[in-house]
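*Asks:* My structure is below; once you've seen it, I'll send some questions.
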Amino acid sequence: PPPELWASFRGRRLGGRELPLPPGYRGLLLRGGEPGEPPEAGWVTLTGSFGAITDWGADTAPAPGRGLARALQWGPLAQAV
């Protein structure tokens with residue numbers, strides 16, 4: 001299983017695991033126009049991308065193969081069907 005990560009948020013201990021996205025998938029960071037501007041073609045800008053996401057749990061790291069790790073298995077399965 002991936003190594004555990006530890007952090008705290010507002011004094012609460014968090015445990016996490018970094019999960020790679022399925023093959024062929026990539027996360028995108030998008031930035032929209034200013035609030036109040038009309039949504040026009042091209043108003044969203046790509047600002048970055050990522051290939052892994054961290055699954056966080058309160059007080060303990062999420063168990064491998066559960067939660068988000070399990071949800072990430074559905075994309076390739078849906079594509080195969």
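*Asks:* Kindly indicate which of Gly57, Gly75, Gly27, Gly32 is surrounded by 10 or more Cβ atoms within 10 Å (Cβ to Cβ) and at pLDDT 90 or above.
*Replies:* Sole residue among the options that is surrounded by 10 or more Cβ atoms within 10 Å (Cβ to Cβ) and at pLDDT 90 or above: Gly27.
*Asks:* Within the stretch 68-81, can you find the residues that are over 12 Å from the mean Cα position of the chain (by Cα) and not β-branched (Val, Ile, Thr)?
*Replies:* Arg70, Gln73, Trp74, Gly75, Pro76, Leu77, Ala78, Gln79, Ala80
*Asks:* Cβ-Cβ distance below 8 Å, separation of 6 or more or different chains: which pairs start in the stretch 54-81 with a residue that is free of Cβ contacts under 8 Å to residues at least 24 places away in the same chain and on the phi > 0 side of the Ramachandran plot and end on one that is of a type outside the set (Lys, Arg) and not in a loop (DSSP other than H, G, I, E, B)?
*Replies:* What qualifies is Gly67/Asp55; Gly67/Gly57.
The values are calculated or read from the model by the stated rules, or taken from the named source; none is laboratory data. Because the structure is a prediction, the values reported are computed rather than measured. Note: ideal-geometry Cβ built from the backbone for every residue, glycine included; neighbour counts use all protein chains shown.
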